[in-house]
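Each value in this text was obtained by applying a stated rule to the coordinates, not by laboratory testing. Worth saying up front: this structure is predicted, and the values here are computed from it rather than measured. As a convention, Cβ positions derive from the backbone with ideal geometry for all residues, glycine included, and neighbour counts pool all protein chains shown.
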């Protein structure tokens, strides 16, 4: 009972949230025109630029919903009949396909096998073969933990397409992201992943090139997620003037401001990325130390935020049930090709070295009880040795 109450959320989002961030949202009688809210919104927009490593040539947005709402808002940049190329490494890369197929645009797909990413050379060959208005990449594929080499991928296509869009839902705040230097037009994320805030917001930045596309009248976008409707709110709020299109998630934005203050001003973005990298490496060392394999097949594809773990004998779902009884919550494997064969460890946000050790220890005990052939104790040892470097 006590272990269940003291749960460690090693999920792929939502994640553990600092009490300080939760308390920032516990304010009564705050409306969307209240001075403290306008100030929090203004502060958040400015810090989002730093989070994505862009300057004032990029426009930040905070919209209700989450990663999927941010993704669907990209339809604001498309007209009927235009061609889109989706580069996908798994389930959430595939989500772009499902979104765009709801609209009158043409969709082509380049897809990787589970555990791999689509090579930049493959994408370059395709955009040379056919003219596309927009190409989407997924920085970290949440379903497998595979990281796409975004810098190289964007460089490979930049001269051949009008717009480059990157889904950074499971990367921003934990992986290196340089939207301006890499010449990305739209980089997006969600509040509940590496930024470490409750769910409810899609966060994105648009280049001046993308903003010019918003000025064009015709678009396939709907109403609520048409960024044209949100743009005046963003520009006004950044100027400190209350503005309205639809009711924003007021208290979640208060929490976002507190989180961004910690990320940018206190921990520092570079330090945060290094922390994630170290903990991710420690967890992978533990997984391999106990004798299991990782879903991502190449070390350069390992991410700082998600590790997929393959099991050999037991059903992966049983591992989750066993581990959560000890107070640690992991994420199920969702890739159809690997159903029942793997589970996911989320290590993002406010994750600590002790969280990594507790997670590997609990997984070892659970697997031993379930009958998986592992080297009991070797996982924890490998994790400790990695962290002690």
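How many angstrom lie between the Cα centre of the stretch 37-65 and the Cα centre of the stretch 222-259?
10
Could you put 205, 165 in order, starting from the residue whose Cβ has the fewest other Cβ atoms within 10 Å? Please report the intermediate quantities before stating the final value.
Working: 205 28, 165 24.
Final ranking by Cβ density, sparse to dense: 165, 205.
Can you give me the angle between helix 250-260 and the longest principal axis of the chain, using Cα atoms only, in degrees from 0 to 90, rounded to the nearest 10?
So the helix axis and the longest Cα principal axis differ by about 70 degrees.
Going by the alpha-carbon gyration tensor, a ≥ b ≥ c the square roots of its eigenvalues, is the chain rounded (a/c under 1.5) or, if a/c is not under 1.5, prolate (a/b greater than b/c) versus oblate?
Oblate, since a/c reaches 1.5 and b/c is not below a/b.
Based on the mean of other beta carbon atoms within 10 Å per residue, what is the order of 235-242, 41-48, 22-29, most packed first?
Working: 235-242: 15.4, 41-48: 20.9, 22-29: 12.6.
In decreasing order of mean packing, 235-242, 41-48, 22-29 become 41-48, 235-242, 22-29.
Between rounded, prolate and oblate, where does the stretch 74-231 land on the alpha carbon gyration tensor, with a ≥ b ≥ c its root eigenvalues, rounded for a/c under 1.5, else prolate if a/b exceeds b/c? Mind showing how you got there, number by number?
Working: a/c = 1.43, a/b = 1.07, b/c = 1.34.
It is rounded, given that a/c, with a ≥ b ≥ c, falls under 1.5.
Considering only DSSP beta bridges where both residues belong to the stretch 19-266, give the percentage that are antiparallel (nearest 5).
Counting DSSP beta bridges with both partners in the stretch 19-266, the antiparallel share is about 40 percent.
Along the Cα→Cβ direction, 7 angstrom out, place labels at residue 278 and residue 235. What is the inter-label distance in nm?
Spacing of the two 7 Å Cα→Cβ label points: 4.4 nm.
Can you put 182, 230 in order of Cβ neighbours within 10 angstrom, beginning with the fewest?
Details: 182 19, 230 23.
Sorted ascending by nearby Cβ count, the order is 182, 230.
Quick check: the angle from helix 35-52's long axis to the longest principal axis of the chain, C-alpha only, nearest 10 degrees?
70
Can you give me the angle between helix 269-289 and the longest principal axis of the chain, using Cα atoms only, in degrees from 0 to 90, rounded to the nearest 10?
With both axes taken from Cα atoms, the answer is about 30 degrees.
Could you let me know the centre-to-centre spacing of the stretch 72-100 and the stretch 265-320, using Cα atoms, in angstrom?
That distance is 28 Å.
On a C-alpha basis, how far is the centre of the stretch 107-125 from the centre of the stretch 351-389 in Å? Whole number, if you could?
Using only Cα atoms to place each centre, the spacing works out to 34 Å.
Calculate, in nm to one decimal, what residue 312 and residue 354 gain on full extension: separation in residues at 0.36 nm each, minus their alpha carbon distance. Provide the component values of the computation, followed by the final result.
Values: separation 42, 0.36 × 42 = 15.12 nm, distance 2.69 nm.
The span from residue 312 to residue 354 would gain 12.4 nm if fully extended.
With a Förster radius of 30 Å, plug the Cβ-Cβ distance of residue 29 and residue 266 into 1/(1 + (r/R0)^6) and report the FRET value to the nearest 0.05.
Working: r = 28 Å, r/R0 = 0.94.
The computed FRET efficiency comes out at 0.60.
What is the extension gain from residue 385 to residue 22, computed as 0.36 nm multiplied by their sequence separation minus the C-alpha to C-alpha distance, in nm to one decimal?
Working: separation 363, 0.36 × 363 = 130.68 nm, distance 3.37 nm.
Fully extending the segment from residue 385 to residue 22 adds 127.3 nm.
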